[in-house]
1. Given +1 on the Cβ of Lys and Arg, -1 on the Cβ of Asp and Glu, and no further charges, what dipole in debye does segment B:8-50 carry about its Cα centre, rounded to the nearest 20?
2. Suppose only helical runs count, i.e. DSSP H with n ≥ 4. What mean residue ellipticity at 222 nm does that imply for chain A under -39500 (n - 2.57) per run, divided by all residues and rounded to the nearest 500 deg cm²/dmol?
3. Suppose we keep just the DSSP beta bridges with both residues in the protein assembly as shown; what percent of those would be antiparallel, to 5?
4. Could you order B:Trp111, B:Trp195 so the one with the most accessible surface comes first? Probe is 1.4 Å.
5. Determine which lysines satisfy two conditions relative to A:Lys141: a Cα distance under 18 Å, and not lying fewer than 8 residues away in the same chain.
6. Just to be sure I understand: chains B and A are related by a rotation, so which residue of B has its Cβ closest to that axis, and how close in Å?
7. Hey, got the average number of other protein chain Cβ atoms within 10 angstrom for residues in A:112-120?
8. Take the solvent-accessible surface of the protein heavy atoms, probe 1.4 Å, and return the percent of it on chain A that carbon and sulfur atoms account for.
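The values are calculated or read from the model by the stated rules, or taken from the named source; none is laboratory data. None of these values were measured; they are calculated from a predicted model. Ideal geometry is used to build each Cβ from the backbone, glycine not excepted, and the neighbour counts take in all protein chains shown. To get the accessible areas, we keep the full protein, side chains included, count just its heavy atoms, and leave off ligands, DNA and RNA. Shrake-Rupley method; radii C 1.70, N 1.55, O 1.52, S 1.80 Å.
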2 protein chains.
Amino acid sequence: MPKPQATIYDIAALVGVNASTVSRALSRPGRVSAATQRRIEDAARELDYHVNTVARAVKTGRLQTIGLLVPDIAYAVYQDILRGAERAAREVDYVVLVGEEFRSAQAELDWARRVRAAVDGVILASPRIPDARIREFAGDKPTVVVNRVLNGVPSVVPDVAPGVRAAVVRAAELGHRRLLYIPGVGSSWMSRSRWDILEAAGAEAGIEAVSAPPGMPSRRRGAELADDVLASGCSLVIAFNDLIAIGLLQELQDRSVPVPERLSIVGFDNIRGSDFTSPRLATIGAPLNEAGGQAVRMLLARIEGSTDRGTAADDGGPGAPSYGLATVFHERGSLGPA
Amino acid sequence: MPKPQATIYDIAALVGVNASTVSRALSRPGRVSAATQRRIEDAARELDYHVNTVARAVKTGRLQTIGLLVPDIAYAVYQDILRGAERAAREVDYVVLVGEEFRSAQAELDWARRVRAAVDGVILASPRIPDARIREFAGDKPTVVVNRVLNGVPSVVPDVAPGVRAAVVRAAELGHRRLLYIPGVGSSWMSRSRWDILEAAGAEAGIEAVSAPPGMPSRRRGAELADDVLASGCSLVIAFNDLIAIGLLQELQDRSVPVPERLSIVGFDNIRGSDFTSPRLATIGAPLNEAGGQAVRMLLARIEGSTDRGTAADDGGPGAPSYGLATVFHERGSLGPA
DNA sequence: TTGTAAGCGTTATCAT
DNA sequence: ATGATAACGCTTACAA
């Protein structure tokens, strides 16, 4: 039986002032005499008063809440983003509404719309929602995208190049001359982006890069590709993500194909568990909790901006800010001499 | 520049009825004539109307939001709980506020208090908050605890026995006669609980169980215990969680101590990545997303109950409902003959 | 069936 | 410095 919370009227009655005075004293201290301020604070403590953020939000339009949509909380990348976002939010007394694992782009959009009225802004991490819908949504509610670039909407994306370049250079040193890329799903912006950078970095370092056909980014797929990989004549495989890489690595191990002696394997994302394998999986990852925090800060700026109308620094146009995060190559046992 | 959302007044104006009629039509259809119902729905669609849940909540006291506190979203157990909870919540049009990775019990309690006014109820998953504080909080706000039993507060806990018994029986079949348990932190209710069951199941199956001293449940700790484990004269180690088990397994591997030939290892929790190791880690886990969903359903019942005052089925007393979830033993390569 | 009006707890704009 | 009062958008008796 939850007991009713105390309101500013209860305090007002106890202290003998008007409710509006209580509100002033409690929201932005300094607008009220030191004496009443003290008495009000004492009364608040005595009654165990806590501001009703919902009632406040009706008036102010601010619930101090942000929405965060992630495709899959079981994948380390999104755990990091959530962690970074939640931490950054808590620092400024915001809380985070999480939506996870949606069946379709439509389900994602439904969720975003469902929470729209209950949040001050939304962070969309690698959503499947089409560009146009996101832009539309961003027009209604401050929005930041993560892991995806989208003209007109501010975004936080990893800068894939540094990590890839480091990995490729190291591979060249180890004598690799031909590498095979295993992509993710064909429509993935991120998969394409990784391939482009990989090819370019390979050319620079004197490594020829070839690509397998696109497909699901799962362990199962990695395992299924084992034959093709061995027949490819490549000494190095770089997979779109760690799951594929781990699936391949385990399959080879089950067949007693030595890694990295016969084949070197490198993944992407540095997921938790990528170093549970033996040999431990070499991988290219970005500090994604940094990304989560950065996304929150960009969103907050937008939220502030949307009040001082006209003062906002950016208009969400094509030049919308984008924050790049350098990826890092984690050299581990699954990469060895060619 | 977010544009203002349409309100029921906009619809009312467009259709030419009173706002209250719109409210009736949109909240619980049937209280209004079929004709106006249609016109109102059309207008709503045209104006892209979405109910302002915040404004509604001021009146009804229901935000259709629940709070979920987890210690660590990087750990698979809590991912499962979050997933199950979010899914169950979404089914009934609720959304989930997540708090994660708190520095201290105090920080956890602060978070719970912070969200109190913005949620209809709270799920606390293995919180560090002391019993008394949880009970206090549960008096103010519908609350369900997960992974912990606490007189007076409804809870969802895994039933450790079935999984442990299955593992121990199998171990006995494989010839093991002495097993070493590596506990978690001394104050952990869950660690103690696992040990108690383990000891009992061992006695039944003719396996003597001994325990190492308590400590951090980390990979590092597992690695550090390698010497003690090898010197213990046990042929089987059961660790409080998978991280410890994986740390130990990897350390042994680095030393070329064969697993499971020289030593069998079993973990707890069946975390994602527990089968990335080689050999794959045998482990005892519970269907925790089931737990998340169940917690939501119990919470919802409580939330409903707290309105029909006096009608509530349970009083939160010592007999508060508790839902047990059977654990399962996942037999994998790290368990072999003694 | 529909309209009127009060009120949810807060903040903000007036006066005083 | 403080009080009275009008919103905020919605729900809900109560009237009509």
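1. Roughly 280 debye for segment B:8-50.
2. -13500 deg cm²/dmol
3. Roughly 10 percent of the DSSP beta bridges within the protein assembly as shown come out antiparallel.
4. Highest to lowest solvent-accessible surface, that is B:Trp195, B:Trp111.
5. A:Lys59, B:Lys3
6. Closest Cβ on chain B to the axis mapping it onto A, in Å: B:Gly273, 1.
7. 4
8. About 51 percent, which is the carbon plus sulfur part of the accessible surface.
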